[in-house]
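Note sheet for the following structure.
Every number in this text was worked out from the coordinates using simple rules, so none of it is lab data. In this text, all values refer to a predicted model and were calculated from it rather than measured experimentally.
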């Protein structure tokens, strides 16, 4: 499989569990959702070979990215809820922020499962009461401090995710897994 860019690669490797080895009906094999595969992308690879390529790429990313980068990607992009929860716990323990542990856990969880607006629903949204900032602290910390802690935590998390995308893009070129870079 050759990936178009970091986003394409991350989407495939973080949704690897949706790929299965079962035989498909004729219409399923012709159906292409979202972005149709272009010439050169996975050409000649069977579904099993593509799954193997995605699994190998996922292993390479896990090995090559820093833990913070890896867990930021998993937290935001994985479809495996157990894996997402593991990432939330790791990020909340290791985030570079002045906030205490309860605040860290809630801030990371809110970053992973942001509040949706306009009545939107998601399988990864929490009750509105979860997002009330002063409930993230039991010590009576002033609101200004809580907002600053949230800003610092969000900035660190966003930087880890952005750095991960840059690293994935670099690795795709380095390992010749990007369209146009293949041997």
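Using the alpha carbons alone, the radius of gyration of the stretch 96-183 stands to its Kirkwood radius in an Rg to Rh ratio of 1.16.
At full extension, residue 147 and residue 102 could sit 14.7 nm farther apart than now, given 0.36 nm per residue minus the alpha carbon distance.
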